[in-house]
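Below is one structure, written out as structure tokens, with a few remarks after it.
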Amino acid sequence: MNDEILVTEEGYQELLNEIETRKSKTRKEISERIKGALKEGDLSENAEYTESKDEQNKNESRIIVLEYQIKHAKILKPNEKLKGTVQIGSKVKVRDIEFDEIEEYSVVGVTEADPIHGKISLISPLGSVLMGKKIGDLVDVSSPGGIVKYEIIELY
């Protein structure tokens, strides 16, 4: 079984920053809230205590996930030999041919994907068809609404 998690250098740094924040700042804040709630006495009806313990569990669970991702991360750097083609870490502008709309995306690893902010995974429907393509290439992407045709207009 291949446990590698493909990430960009930026994505790896984001993982390190998040785990550092969660282990130091977030843990301390939650601990302080729990201590304050314990001073209130009866825990059976103490909403602050219950909420803080739930938040603590979520934070610790996220730390476990981050540790796994960091341990298994494989940082993919753009390959100079493939310069001029879409690869992980590429920023690409595409034109939706039907609606003549320009969209811009960064192609990232799976754990970094955030479509709302223009970060698409290299294994997403759009990301996977863009991989290896060049400016001027046309691609067809399956979507819930049918096939969407894009033209790659800029790559950096």
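Bear in mind that the values in this text are calculations on the coordinates, not laboratory data. Only a predicted model underlies this, so the values are computations on that prediction, with no experimental measurement involved. When we count neighbours, we look across all protein chains shown, and the Cβ atoms used for this are built from the backbone with ideal geometry, even at glycine.
Please compute the net charge surrounding residue 21, taking Lys and Arg as +1 and Asp and Glu as -1 over other residues with Cβ under 13 Å from its Cβ.
On the way: positive: 22, 23, 25, 27, 28, 62; negative: 14, 18, 20, 29.
Every neighbour counted, the sum reads +2.
For the chain, what ratio Rg/Rh do Cα atoms give with a Kirkwood hydrodynamic radius? Please report the intermediate quantities before stating the final value.
Numbers: Rg = 21.4 Å, Rh = 18.3 Å.
Radius of gyration over Kirkwood radius for the chain works out to 1.17.
Specify whether the C-alpha gyration tensor of the stretch 78-156 places it in the rounded, prolate or oblate class, a ≥ b ≥ c being the square roots of the eigenvalues: rounded for a/c under 1.5, otherwise prolate if a/b is larger than b/c and oblate if not. Provide the component values of the computation, followed by the final result.
On the way: a/c = 1.72, a/b = 1.22, b/c = 1.41.
Judged from the Cα gyration tensor, the stretch 78-156 comes out oblate (a/c at least 1.5, b/c at or above a/b).
Kirkwood Rh, Cα Rg: Rg to Rh for the stretch 5-75? Walk me through the numbers before you get to the answer.
Working: Rg = 15.6 Å, Rh = 13.5 Å.
For the stretch 5-75, the value is 1.16.
The Cα center of the stretch 1-62 and the Cα center of the stretch 66-123 differ in position by 28 Å.
For the pairs 28/74; 58/93; 71/134; 23/71; 83/149; 83/119, flag any whose C-alpha to C-alpha distance is greater than 26 Å. Pairs exceeding 26 Å: 28/74; 58/93; 71/134.
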